[in-house]
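Enquirer: Dropping a structure here in C-alpha cells format, bear with me for questions.
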Amino acid sequence: MIHLSNISRQHGSQILFQNASFQILPGTRTGLVGPNGAGKTTVFRLITGEEAADGGEIVCAKKTVIGYFSQDVGEMSGRSALEEVMAASAETVALGEKIREMEAAMCEPMDDDAMAELLERYGDATEAFEHRGGYDLESRAQAVLTGLGIGPDAYGRPVESFSGGWKMRIALARILTLNPDVLLLDEPTNHLDVESIVWLENWLVSEFKGAILMTSHDRDFMNRIVSRIVEVGNRTLTTYGGNYDFYLREREIRREQLLASHRRQQEMLAKEEEFIARFAARASHAAQVQSRVKKLEKIERIEIPAEQKTVRFEFTEPPRSGDDVVKFDGLAKAWPLPEGGEKSVFGGVSGLIRRGEKVAVVGVNGAGKSTFLKVVAGETAPSAGSVALGANVNLGYFSQQAMDVLDPKKSVFETVHDVIPQASIGVVRNLCAAFLFQGDAVDKRIDKLSGGEKSRVVLATLLARPINLLVLDEPTNHLDIQSREILLEALQNFTGTVVLVSHDRHFLRSLVGRVFEIDHGEMRTYEGGYDYYLEKTERDRAA
C-alpha cells in the first residue's frame, strides 16, 4: 500500500536516514520507536508529503486515504465539536451529495448510453461512499466523540470553548471518524484518561480495519495494538516482528550478536594488519601483502550503534516519618461557580496512608483526583473535614504547573544545584544524567526544554530533596517510555511514601500496592495493587 524504498533524509548536518526502507501493508499494525530527535515525526511527514526525501522513493497506492493525527492540532473555531469532527470527512459528505444528485438524475428520461454511463459512475461512487463509511458517518462521529470523553451534552459546544487537551481529543476524533485506509498516530494517548485510552484500544482492535503506524509513550497501549515495531535510529529503519515487549527482548539479543560479530571481525582485522605490517618490507611476501590489503579494503566494517547510557543514581535515604503519614477525616471539596453557588467534587472522604505505602488515586476524568492531591499537599484548603500529616513528614508535590515555576533563564545544572547546594559538581551531574541530561545537555536553559525535559528536571529536584512523602499528579505526562522506566525504577527504590495519579497502566501495575478510587464524589479503597483493583471493579460491574 505504502512503500518507502532506500530513503535518505538529512536535517542540516544531522543525517536521519540513509538508504532506509520499510512498507505499510493493508491491515498491518506497526509501532514506531526511537529516541527523541531520531526522526519518527519525519517518517510521518514523509508519508503525508509534508516533507520530501533527499533520496529514494515513496510509493503510495492510488486512492489510499491517509489520516494523520499529530500533536499540532492547528486552529479550531467557528464550528461545534460534532461539526469539527465531521468536517474532516468533507469529501465523503460531498460524495453523498453527488450520489443523491445522480439518484435524482436517474428519474429523468435519457438515452441508453447516458444511463449506462451514469449507472457506472453511480456504482463507483456508492462503492467509495460505503468504503469510507459514509452511511453511518454522523453516528460514527458521535460514538467516537463519546468514547473519547465528549458526551452528547457537549456535541453542540463551540470548539473554541474547549481547553487545549480537549481540543486534542476533538482532533483525534476527527481522524478516527475519517475511517482512513492508513492511520498515522503520533502520541494519540497524550491528554487521555485511562477510560478513554481503553476505549481507543478497543476501537482500534475491534472496529478499525485499516493499517496503523503509531508512536506512543504508553507501553500497555503499544503492546495491545501493534504486532510489528519499526525502530528509527543509527540512520536506518529496523523492523522487529512483534509487540513492544518482544522488541525490547529481541533488540538485546540482536545487539549481543552484533557485538560478538564485531569482536570476531576486530580480531581478524588485527591479525591481517599485523601480517601486513610484519611483511610489508619483504619482497618475497609482496604478493601476499598486496592481496591482504585489497581484502581489507573490501571488507564492510561492522559498526556498533551508539547506545544511550543509563546512569544509576543512588538517591539519599529520606528521613523516617511516623507510621501514620496522612490522615484525612470527613474530607470534602467544592469549587465556586462563576454564576454563583458551588460544584461539589467529593465529600465525606476518610482514610489513612501509612509509611512506605505507594498509593494510586484513580477515577474517571473530572472525578476529582487532582483536587484530592491538592488538598493532601496543602495546595488548596478543604471545604469541610481535615487533613493531618504525621510526625516528621516532609512533603514534595509535583503537578503540571510545577514546570511553570522553573526559572527559564537558569540551566538544568543550575536548577538542580540550587536544590542541593552542598553537593559536589560530580554528584549534581550524576543526578542530571540519571534523568537523561548528559554531557552538554546539563547546560541547556530551562526555556529551551521540551515539556518532557522540564518534567524530568522537576522530578530530579524533588527526588534530590530529603522528602519522605511524594504527592505526584501525572508525573508520566510528556515523558517517553525510557524516561518513564527511569522514574519507575527511582520510585520503586524510594523508601518513603508515594501518592500519585497516572494514566499509565504499566507504571501503576509495576509500582502501587493500594488504590483509592474516587467515584461520584465518594472514595473507595482497594487493599491491593492495580491489577487487583481492575479485577475487583470488573467483578463489581459484572455483578
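Enquirer: Among the residues of the range 9-25, which ones are in a strand (DSSP E or B) and in contact (Cβ under 8 Å) with a residue 60 or more places away in the chain? Break it down stepwise before answering.
Expert: The first filter runs over the range 9-25 and keeps only residues in a strand (DSSP E or B), leaving 9-11, 14-24.
Listed by number, the residues that qualify are ILE15, LEU16, PHE17, GLN18, ASN19, ALA20, SER21, PHE22, ILE24.
Enquirer: Of the numbered conditions (1) surrounded by fewer than 17 Cβ atoms within 10 Å (Cβ to Cβ); (2) under 20 Å from PHE221 (Cβ atoms), LYS63 fails exactly one; give the number of that condition.
Expert: Unmet condition: (2).
Enquirer: Just for the range 235-251: of the residues that are surrounded by 15 or more Cβ atoms within 10 Å (Cβ to Cβ) and in a loop (DSSP other than H, G, I, E, B), which one is modelled with the lowest pLDDT?
Expert: ARG235
Enquirer: Looking at the structure I just gave you, is PHE17 under 23 Å from the mean Cα position of the chain (by Cα), assigned by TED's automatic domain parsing to the domain that holds THR236, within 19 Å of ASP480 (Cβ to Cβ) and of a type in the set (Phe, Trp, Tyr)?
Expert: In short, no.
Enquirer: If you don't mind, another one. Of everything in the range 482-517, what is of a type in the set (Gly, Ala, Ser) and either outside the structural domain of LEU373 (by TED's automatic domain parsing) or closer than 28 Å to TRP199 by Cα (or both)? Give them in sequence order.
Expert: Of everything in the range 482-517, those that are of a type in the set (Gly, Ala, Ser) and either outside the structural domain of LEU373 (by TED's automatic domain parsing) or closer than 28 Å to TRP199 by Cα (or both) turn out to be SER483, SER502, SER510, GLY513.
Enquirer: Output yes when any residue across the range 229-249 is touching a Pro at 6+ places or on another chain (Cβ under 9 Å) and closer than 25 Å to ASN190 by Cβ, and no when none is.
Expert: Yes, the range 229-249 contains a residue that is touching a Pro at 6+ places or on another chain (Cβ under 9 Å) and closer than 25 Å to ASN190 by Cβ.
Enquirer: Here is a further query. Let me confirm something: among GLU120, GLU84, GLU91, which residue is farther than 27 Å from VAL226 by Cα, of a type in the set (Asp, Glu) and at pLDDT 85 or above?
Expert: The match here is GLU84.
Enquirer: Quick check, is GLY347 of a type outside the set (A, V, I, L, M, F, W, C) and modelled with pLDDT under 90?
Expert: Here the answer is yes, as GLY347 does meet what is asked.
Enquirer: Looking only at residues that are charged (D, E, K, R) and in a strand (DSSP E or B) in the range 354-413, which one is surrounded by the fewest Cβ atoms within 10 Å (Cβ to Cβ)?
Expert: Within the range 354-413, the match that is surrounded by the fewest Cβ atoms within 10 Å (Cβ to Cβ) is ARG354.
Enquirer: Also, quick follow-up: Do we find that ALA360 is within 26 Å of the chain's Cα centre (by Cα) and in contact (Cβ under 8 Å) with a residue 60 or more places away in the chain in this structure?
Expert: Judged against the criteria, ALA360 is a match.
Enquirer: Then there is this: Filter the range 466-524 down to residues that are part of a loop (DSSP other than H, G, I, E, B), within 24 Å of the chain's Cα centre (by Cα) and of a type in the set (Gly, Ala, Ser), then give me how many there are.
Expert: Here the count works out to 1.
Conditions (1) crowded, with 23+ Cβ neighbours inside 10 Å; (2) within 27 Å of THR215 (Cα to Cα), marked per residue:
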position: LEU431; (1), (2): yes, no
position: PHE435; (1), (2): yes, yes
position: GLY451; (1), (2): no, yes
position: GLU474; (1), (2): no, yes
position: LEU508; (1), (2): yes, yes
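Enquirer: Taking ARG169, is it at pLDDT 80 or above, closer than 29 Å to ASP220 by Cα and either in contact with a strand residue (DSSP E or B) (Cβ under 7 Å, 6 or more places away or on another chain) or not aliphatic (A, V, I, L, M) (or both)?
Expert: So ARG169 passes the test.
Enquirer: In the set VAL226, VAL182, VAL230, which member is surrounded by 17 or more Cβ atoms within 10 Å (Cβ to Cβ) and touching a Cys at 6+ places or on another chain (Cβ under 9 Å)? Before you say what the answer is, go through the steps one by one.
Expert: On the way: VAL226 fails: touching a Cys at 6+ places or on another chain (Cβ under 9 Å); VAL230 fails: touching a Cys at 6+ places or on another chain (Cβ under 9 Å).
Answer to the check: VAL182.
Enquirer: Still on this structure, I have one more. Only residues in the range 216-244 that are over 20 Å from GLY39 (Cα atoms) count as the first member; pair them with residues that are part of a strand (DSSP E or B) and modelled with pLDDT under 95, Cβ under 6 angstrom, at least 6 apart or cross-chain, and list the lot.
Expert: Going by the 6 Å Cβ cut-off, there are no qualifying pairs.
Enquirer: Something else: Which ones in the range 410-448 are touching a helix residue (DSSP H, G or I) at 6+ places or on another chain (Cβ under 7 Å), without any contact (Cβ under 8 Å) to a residue 40 or more places away in the chain and not small (Gly, Ala, Ser)?
Expert: Of everything in the range 410-448, those that are touching a helix residue (DSSP H, G or I) at 6+ places or on another chain (Cβ under 7 Å), without any contact (Cβ under 8 Å) to a residue 40 or more places away in the chain and not small (Gly, Ala, Ser) turn out to be LYS410, PHE413, HIS417, VAL428, ARG429, CYS432, PHE437, VAL442, ASP443, LYS444.
Enquirer: Can you spot a residue in the range 279-287 that is polar (S, T, N, Q), assigned by TED's automatic domain parsing to the domain that holds ILE253, surrounded by fewer than 10 Cβ atoms within 10 Å (Cβ to Cβ) and assigned to a helix (DSSP H, G or I)?
Expert: Let us first name the residues in the range 279-287 that are polar (S, T, N, Q), namely 284.
Now narrow it down to the ones that are assigned by TED's automatic domain parsing to the domain that holds ILE253: 284.
Filter again for surrounded by fewer than 10 Cβ atoms within 10 Å (Cβ to Cβ), leaving 284.
Those still in the list that are assigned to a helix (DSSP H, G or I) too: 284.
So far as the range 279-287 goes, yes, one or more of its residues are polar (S, T, N, Q), assigned by TED's automatic domain parsing to the domain that holds ILE253, surrounded by fewer than 10 Cβ atoms within 10 Å (Cβ to Cβ) and assigned to a helix (DSSP H, G or I).
Enquirer: Checking PRO421 against (1) surrounded by fewer than 19 Cβ atoms within 10 Å (Cβ to Cβ); (2) outside any loop (DSSP other than H, G, I, E, B); (3) of a type outside the set (Phe, Trp, Tyr), which single condition isn't satisfied?
Expert: So the condition that PRO421 fails would be (2).
Enquirer: Please verify whether the range 44-53 includes one or more residues that are at pLDDT 85 or above, buried (at least 16 other Cβ atoms within 10 Å of the Cβ) and outside any helix (DSSP H, G or I).
Expert: Checked the range 44-53: at least one residue is at pLDDT 85 or above, buried (at least 16 other Cβ atoms within 10 Å of the Cβ) and outside any helix (DSSP H, G or I).
The values are calculated or read from the model by the stated rules, or taken from the named source; none is laboratory data. As the structure is a computational prediction, the values presented were derived from the model and not from experiment. Cβ: placed from backbone, ideal geometry, glycine included. Neighbour counts: every protein chain shown.
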